[in-house]
Amino acid sequence: MNTIGILTFLQRELKRIWRVKVQTFAAPLISATLFIFIFGTVLGRSIDTIAGVSYLSFVFPGILTLYMIMAAFESSSSSLYFARWTRSIHELLVAPFSYGEMVFSYVAASTVRSVLIGTGALLIGTAFGAVTITHPFLFLATGIGIAVVFALAGLIVGLWAQGFEQLGVFTTFVLTPLTYLGGMFYSLDLLTGTVRSITLANPLFHIIDLMRYVTIGTAQVNPIIGGSILAGTAGVLAVLVVSLFRQGWRIRE
């Protein structure tokens, strides 16, 4: 493995992220604070306990998951697309880098950004009294798993996009709706019939429920489902992304 190359790439990506720190760190953390304050504190005062915990504790894992997903996805997709747009991706192609190492480097950088956002959100949640980590090691594994999966998904969109506006299509029309409709603000027990079945078919519901289990110790379905979705999706996407890099799809255009 080209350790020096990977570390150099990671350093370059982290510098790029830090150059726009207001956009990459301040903006999502301010938004997360507003979510926690409005939905957890203001509305939470008029809502009884849900699933045996306070409403703020119930919604926080979903908020945390949302911002970790967005951070990982936006980091990898924008970085790869910008490298294609400026043709700087060609420097990687002629470097002593395997395709697997390229993908690993992009994913590692995006995971670092996602984990930093998650840590910031965790500190904010702690300040509001929303955080209790019931399973610390599973919490860490879940957070990293979420970052890896959506960093890989971001690379696919970064390859597919033909313009800057297309980078936001997947976020606006897929990720955000699936997250909001994935039990982020409400319990599965409130749903019946078709709506309940649709929610159970939403993979992000199971991922959010897994995060809820590792934080507050409460799950609406078997948390193994969420863990299996993360592990399986990470494996499939990793193979797919490396294959696309190897084929040069949209990279050499």
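Computed from the coordinates by the stated procedures, all read-outs in this text should not be read as laboratory data. Predicted, not measured: the structure shown is a model, and the values here were computed from it. Positions of Cβ are backbone-derived with ideal geometry, glycine not excepted, and every protein chain shown enters the neighbour counts.
Tabulated results
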read-out	value
Relative contact order computed over the stretch 3-247 (Cα-Cα under 8 Å; 6+ residues apart), in percent	25 percent
Alpha-carbon centroids, the stretch 222-253 and the stretch 92-142: separation in whole Å	17 Å
Contour minus Cα-Cα distance for D48 and R87 (0.36 nm per residue)	8.6 nm
Residue-averaged 222 nm ellipticity for the chain, from DSSP H runs of 4+ at -39500 (n - 2.57), nearest 500	-23000 deg cm²/dmol
Label-point separation, L14 to A95 (7 Å along Cα→Cβ), nm	1.5 nm
Listed candidates (1) 1.03; (2) 1.23; (3) 1.10 - label of the one calculated as Cα Rg over 2.2 N^0.38 Å	(1)
For the stretch 175-218 versus the stretch 11-59, the gap between their alpha-carbon centres in whole angstrom	18 Å
At R0 = 45 Å, FRET efficiency that the Cβ-Cβ distance of R196 and A26 yields, to 0.05	0.75
